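Input: a single structure, listed below in structure tokens.
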Amino acid sequence: MEVSPRAAMTIARLFEQATGQTLSQDRFWRIGTTLMPFCRARGIESFDQLALALERSADRELSLDMIDALLNNETSFFRDAGVFTQLGEALLPRLAAARQRERRLRIWSAACSTGQEAYSLAMLFAEQGDRWAGWRIDIVGSDISRSAVEQARGGLYTQFEVQRGLPIRQLIAWFDPVLDQGWRVKPQLAAHVSFQRHNLLGPPPAGGRFDLILCRNALLYFSPERRHQMLEGLALAIAPDGGLLLGAGETVQGSARFVADPELPMVYRPAAARTVPHAA
């Protein structure tokens, strides 16, 4: 099955309309690579037939499944270990100092894919139990992929998935083995994390502003206009003295809503925020 230029452009356009993510021509190869088994499993004989079915919007499930198939759900536990070191040793203590009265933190793991980042955060807090005793820690994970959110909510990961970034000590401490399936997050850890399907171009999750937002390696897939729209939404979702953590190759260039933290790489603060005092 070959992908005709017309089919590729139609699928890319519909994908962008649904997700905001740009599938440029130099990435059209993903359509053939990713969607060929998708079409065969559904008895679709050509990409032109798929494009026509999607355009007619006759089958919503087909559209949602196509979006899931094309999304890049690459993630792992404690992805980029230095980031979690910085969180545990610098950024979270700073936020703790600013929230001593409320003793509550709301954290948003945006574009979290299958949930490993959100559960990694939960482990980070759990393993600093003395520091966070008496605190309420709410972690919200979100992603536009329906299948990714379903897996995150189930907290079930294959042996391959847990081997990526998760030390054996933490695997044994926070996961239960499931015969012939892999490992499931223990209830006491899962209790601190919730997941929802969410489009970063839409309104932020309900429940109030977040003290910390992680939105790593998501901006890369959007056009400059869409990136600006996303950052506007993130600015509405973050506390005035909160922190936004982006991926290593991302910046807030073009947005007046955030400024780079002068001390912490990849961390950005609301532009109007005052300096947050460090923990003693």
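The values are calculated or read from the model by the stated rules, or taken from the named source; none is laboratory data. Everything quoted here is computed from the prediction, not taken from an experiment. Cβ coordinates were reconstructed from backbone atoms using ideal geometry, including for glycine residues, and neighbour counts include every protein chain displayed. SASA here: full protein model, heavy atoms, side chains in, ligands and nucleic acids out. Shrake-Rupley method; radii C 1.70, N 1.55, O 1.52, S 1.80 Å.
Taking other residues whose beta carbon is less than 12 angstrom from the beta carbon of LEU236, and scoring Lys, Arg as +1 and Asp, Glu as -1, yields +1. Accessible surface calculations at 1.4 Å, restricted to protein heavy atoms, place region 165-222 at 51 Å² per residue. Computed from the Kirkwood radius of its Cα pairs, the Stokes-Einstein diffusion coefficient for region 13-165 at 10 °C and 1.306 mPa s stands at 88 µm²/s. Think of a 1.4 Å ball rolled over the protein heavy atoms: region 1-150 then has 45 Å² of accessible area per residue. Extension gain for THR158 to ASN72 (0.36 nm times residue separation, less C-alpha to C-alpha distance): 29.1 nm. Near PHE195, the amide H atoms lying under 5 Å from its own belong to GLY141; only residues 5 or more places off or on other chains count, and H is placed 1.01 Å from N.
Which one of TRP132, TRP29, LEU54 has its Cα pushed farthest toward the positive end of the charge dipole of the chain, where Lys and Arg give +1 and Asp and Glu give -1 at the Cβ? With unit charges placed on the Cβ atoms, the residue in question is TRP132. For region 17-78, with all protein chains present and a 1.4 Å probe, just round the carbon and sulfur fraction of the accessible area to a whole percent. About 46 percent, which is the carbon plus sulfur part of the accessible surface. The calculated 222 nm mean residue ellipticity attributable to helices in the chain amounts to -11500 deg cm²/dmol, summing -39500 (n - 2.57) over DSSP H runs of n ≥ 4 and dividing by all residues.
Between ALA18 and ALA97, full extension at 0.36 nm per residue minus the direct alpha carbon distance yields a gain of 24.4 nm. Spatial offset of region 111-135 relative to region 1-61 amounts to 37 Å, using the alpha carbon center of each.
Evaluated at q = 0.07, 0.10, 0.13, 0.15 Å⁻¹, the base-10 log of the normalised Debye intensity for the chain, with identical point scatterers placed on the Cα atoms, takes the values -0.28, -0.57, -0.92, -1.16. Taking 0.36 nm per residue of separation and subtracting the current Cα-Cα distance, fully stretching the chain between GLU89 and ALA272 would add 63.4 nm. List the GluC sites (Glu not before Pro) within region 87-190 that DSSP assigns to loop and that have no more than 13 neighbouring Cβ atoms inside 10 Å. When the GluC sites (Glu not before Pro) of region 87-190 are filtered for loop state and at most 13 Cβ neighbours within 10 Å, GLU102 remain.
Cβ-Cβ distance of ARG136 and ARG56, R₀ of 41 Å, FRET efficiency by 1/(1 + (r/R0)^6): the value works out to about 0.30. With the simple model of a label 7 Å out from the Cα in the direction of the Cβ, ARG146 to THR33 spans 2.5 nm. Computed FRET efficiency, Cβ-Cβ of GLU45 and ALA256, R0 35 Å: what is it to the nearest 0.05? Here the calculated transfer efficiency is 0.10.
Note down the net charge around ALA53, summing +1 for each Lys or Arg and -1 for each Asp or Glu among other residues with Cβ under 13 Å from its Cβ.
Residues near ALA53 contribute -3 overall.
Sites listed here are GluC sites (Glu not before Pro) in region 183-269 whose DSSP assignment is loop and whose Cβ has at most 14 other Cβ atoms within 10 Å: GLU263. For the chain, the longest principal axis of the C-alpha atoms and the axis of helix 116-126 are separated by about 10°. Summing Lys and Arg as +1 and Asp and Glu as -1 over all other residues whose Cβ lies under 10 Å from the Cβ of ILE139 gives a net charge of -1. Remark: the Cα gyration tensor places region 2-70 in the rounded category, a/c being less than 1.5.
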